[in-house]
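Q: One structure follows; several queries about it will come next.
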Amino acid sequence: MDDTEYGRFVDWDKMEGGGQEQSTKVLSCTDFQDLKQMARQGHWAKSHSLRAKVYQKLIKEIPCRTVTPDASVYRDIVGKIVGKRPASSLPLPEFVDDRQIPSYCLNSEGIGAVRKIITCISNQFPDISFCPALPSLVALLLHYSQDEAECFENVSRILACNDPNRRLVDQTFLAFESSCMTFGDLAGKYCQGPHKLMVAVSEDVLEVYSDWQRWIFGELPFAYITRVFDVFLVEGYKVLFRVALALLKFFHKVRGGQPMESNNVKRDIQMFVRDLNQCVAPEKLLEKAFAIRLFSRKEIQLLQMANEKALQQKGITVKQKRQNVHLAVHAENFKSEIVSVKEMRDIWSWIPERFALSQPLLLYTNREHGNSLSRFYLHCEGHEPTLLLIKTTNQEVCGAFLSTDWSERRRSGNKLSFFGTGECFVFRLQPEVERYEWVVIKHPELGKVNASSGDNDANSSQSAKDGIDPSDRLSPFLATRHFNLPSKSASMFMAGSTDCIIIGGGDGQALYFDSDLNYGRTSHCNTFNNQPLCSETFQISIIEVWGFKDNVNNDGAHSALP
């Protein structure tokens with residue numbers, strides 16, 4: 001590779017190839033869709049200097065705070081802050097979590113420059129309290145900067161982005177931890193096989209997922225992180241979720257059949273990602289990432305906000321309290337007549353992360369409170385969400401996660417009508433484990449707005465009143481009234497009256513109980529596309545309803561809404 005104005009900090013002997021210089025027509029491209037396709041196809045991946053010019057252009061277009069440190073600021077402060085100390089001896093600020101700086105084929109000058117730049121960023125951004133991705137970000141951009149000052153300015157612009165709809169880099173523990181929770185939510189929905197493996201082999205699945213950003217910013221080989229970063233600068237934060245989910249899928253495919261120890265799962269994934277070039281090409285990684293039919297950006301943003309709110313409500317906002325974040329169902333204070341501690345932990349791994357922060361709280365059991373719907377409602381109302389467990393007289397075990405307070409049923413007076421959200425799901429544990437989520441999650445085409453629907457305008461109007469953009473038609477943690485579905489049978493989550501309880505509807509009912517909570521039936525339903533959860537007609541032996549400590553919903557508002 002010939003010397004380039006952007007190669008000062010690169011050890012070219014460690015770089016894989018150099019590539020030929022390409023046309024720079026991309027620099028004049030402003031159409032988002034064209035840029036997106038060019039980034040995904042690696043249009044500038046084979047030219048170091050072209051990629052540098054594209055990065056400069058894209059980063060300059062990031063909307064930033066009025067006062068953002070630039071290259072001249074760096075030149076003014078670097079001597080005062082670093083002094084005469086050798087760069088290798090500079091301590092990293094606490095907010096980078098003692099992560100090792102990835103070398104990314106940098107030469108010794110480049111590795112030292114990373115520490116100097118991070119030190120100066122720490123001085124100029126006092127609000128940053130937790131940013132483990134920063135060393136990787138600086139090391140990467142140093143490749144595509146003419147000098148340290150230019151790299152400092154580019155990183156500063158990324159950190160100072162003030163577009164509320166454009167999340168780029170987590171800079172607080174609260175933002176980082178809620179991202180980990182959101183990744184856990186997405187993994188549970190879009191990577192059910194890998195997620196099931198993680199639950200089986202790790203004592204704390206969220207602890208494993210807390211490394212998801214490190215897989216990308218730290219462990220990925222340089223040829224891969226640059227391809228990811230190409231797309232990230234164009235499309236934003238959602239790309240990172242896509243890539244991490246793809247990595248989880250590949251890990252499951254390659255390592256899923258091999259024995260793993262619970263205390264080494266995090267390390268196993270790190271090693272797999274570090275050696276990814278042995279089994280997966282960069283193009284295949286991106287291809288897998290963009291094949292995932294993920295929630296919209298705004299939906300993920302809402303989910304992230306909901307997770308942040310849950311953390312704030314529990315006082316978990318700083319790193320020192322991290323041990324309080326990851327909940328295991330504790331054997332010493334959990335007792336159920338239906339499920340074991342291990343089974344409850346499995347169920348806990350299915351529920352939305354913001355509720356998994358809470359410990360289970362037994363609200364109702366027919367053994368103690370009696371077999372009647374009135375007693376059921378008396379003990380369950382005011383709690384949101386709830387977990388329903390049933391054991392039949394044939395020793396079958398099934399249940400449902402119900403997102404919404406049972407008091408919501410009163411909105412329709414004495415009329416039996418459905419309510420709830422797409423976070424509801426049904427499941428069975430015995431004789432085999434199976435979970436059935438809202439059908440629209442796996443088949444989003446079922447949720448497209450039906451323009452010919454007679455009540456389309458009314459629903460759109462209601463959405464506007466509720467502050468929901470009708471174009472964001474689906475968010476599983478929003479109530480059915482917030483979006484317009486072409487088929488009502490795809491959103492019949494839960495219903496209750498003085499005569500019965502129904503969970504899941506449309507051409508059948510996932511669960512139905514009579515008013516005495518003695519007999520029930522189960523069948524396929526459109527909402528969850530489930531198989532019968534146990535014998536199609538059954539007699540209830542034990543029924544338990546579990547709530548979530550600190551999730552009492554006294555004011556009747558929907559606590560799942562951010």
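The values are calculated or read from the model by the stated rules, or taken from the named source; none is laboratory data. Quick caveat, the model's predicted, so the values are computed rather than measured. Methodologically, a virtual Cβ is constructed for each residue, glycine included, from the backbone with ideal geometry; neighbour enumeration extends over all protein chains shown. Areas reflect the complete protein model, heavy atoms only, side chains present, ligands, DNA and RNA absent. Shrake-Rupley method; radii C 1.70, N 1.55, O 1.52, S 1.80 Å.
Q: Name the long-range amide H neighbours of C64: under 5 Å, sequence gap of 5 or more, or other chain; modelled H, no Pro or chain starts.
A: N162
Q: Leaving ligands, DNA and RNA out of it, work out the accessible area of M15 with a 1.4 Å probe and give it in Å² to the nearest 10.
A: Looks like 30 Å² after rounding.
Q: Ok, one more. How many nm is it between the label spots at Q37 and C500, if each spot is 7 Å from the Cα in line with the beta carbon?
A: So the two model labels end up 5.3 nm from each other.
Q: Further question: Please compute the Kirkwood hydrodynamic radius of the stretch 394-434 from all pairs of different C-alpha atoms, in Å with one decimal.
A: Final number for the Kirkwood radius of the stretch 394-434 is 12.1 Å.
Q: Work out how much length S535 to E337 would gain on full extension: take 0.36 nm times their residue separation and subtract the Cα-Cα distance, in nm to one decimal.
A: Length gained, S535 through E337: 69.3 nm.
Q: Modelling each spin label as a point 7 Å along the Cα-to-Cβ direction, I'd like the Q395/S103 distance in nm, to one decimal.
A: Going by the 7 Å Cα→Cβ label model, 5.9 nm.
Q: Would you mind checking which residues have amide H under 5 Å from I501's amide H? H placed 1.01 Å from N; only 5 or more apart, or other chain.
A: HN-HN under 5 Å from I501: F513.
Q: Now a separate question. Explain nothing, just compute: Karplus ³J(HN,Hα) = 6.51 cos²θ - 1.76 cosθ + 1.60, θ = phi - 60°, for every residue of the stretch 411-427 in order, whole Hz, x for Gly and Pro.
A: Each residue of the stretch 411-427 in turn: 4, 9, x, 8, 7, 6, 9, 8, 8, x, 9, x, 7, 5, 8, 10, 7 Hz.
Q: Here's another thing I want to ask about it. Counting only residues 5 or more places away or on other chains, whose amide H sits under 5 Å from the amide H of L106 once H atoms are built in the peptide plane?
A: It is D11, by chain and number.
Q: Further, regarding this structure: Counting pairs of Cα atoms in the stretch 38-133, how many percent are more than 19 Å apart?
A: Everything past 19 Å amounts to 57 percent.
Q: With a ≥ b ≥ c the root eigenvalues of the C-alpha gyration tensor of the stretch 173-314, is it rounded (a/c under 1.5), prolate (a/b larger than b/c) or oblate? Write down the numbers at each step before the final one.
A: Details: a/c = 1.68, a/b = 1.12, b/c = 1.50.
Cα axes put the stretch 173-314 in the oblate bin.
Q: What is the calculated FRET efficiency for H369 to Q258, with r their C-beta to C-beta distance and R₀ = 56 Å, to the nearest 0.05? Write down the numbers at each step before the final one.
A: Values: r = 47 Å, r/R0 = 0.84.
For R0 = 56 Å, the calculated efficiency reads 0.75.
Q: Let me ask something additional. Rounded to the nearest 0.05, what FRET efficiency do I77 and D147 give with R0 = 22 Å and r taken as the Cβ-Cβ distance? Could you check?
A: After rounding, the FRET efficiency stands at 0.90.
Q: Ordering R8, R411 by how much accessible area each has at a 1.4 Å probe, largest first, what is the list?
A: Working: R8 115, R411 160 Å².
Heavy-atom accessible area, descending, gives R411, R8.
Q: Just flag the chymotrypsin sites (Phe, Trp or Tyr not before Pro) in the stretch 231-318 sitting in loop per DSSP whose Cβ has no more than 13 other Cβ atoms within 10 Å.
A: none
Q: Convert each backbone phi in the stretch 178-190 into a coupling constant with the Karplus relation 6.51 cos²θ - 1.76 cosθ + 1.60 (shift: θ = phi - 60°), then list the ³J(HN,Hα) values in order as whole Hz, x for Gly and Pro.
A: Running phi through 6.51 cos²θ - 1.76 cosθ + 1.60 with θ = phi - 60° gives 5, 5, 5, 5, 5, 4, x, 4, 5, 4, x, 8, 10 Hz.
Q: In addition: How do K57, K415 rank by accessible surface area computed with a 1.4 Å probe, from largest to smallest? Kindly include the intermediate steps, with their values, before the conclusion.
A: Working: K57 50, K415 140 Å².
Ranked list, largest accessible area first: K415, K57.
Q: List the GluC sites (Glu not before Pro) within the stretch 165-261 that DSSP assigns to loop and that have no more than 12 neighbouring Cβ atoms inside 10 Å.
A: Filter output for the stretch 165-261: E261.
Q: Given C131, G188, I118, which one lies farthest toward the positive end of the charge dipole of the stretch 92-219, if we put +1 on the Cβ of every Lys and Arg and -1 on the Cβ of every Asp and Glu?
A: G188
Q: Heavy atoms only, 1.4 Å probe, whole protein assembly: order D507, D268 by accessible area, highest first.
A: Order by accessible area, largest first: D507, D268.
Q: Distance in nm between label sites at D514 and K46, each 7 Å beyond Cα in the beta-carbon direction?
A: Going from the D514 label point to the K46 one covers 7.3 nm.
Q: Which ³J(HN,Hα) values, rounded to whole Hz and listed in residue order, are derived for the stretch 268-279 from phi using the Karplus coefficients 6.51, -1.76 and 1.60 in 6.51 cos²θ - 1.76 cosθ + 1.60 with θ = phi - 60°, glycine and proline given as x?
A: The phi angles translate into 4, 5, 4, 5, 4, 5, 4, 9, 4, 5, 7, 9 Hz.
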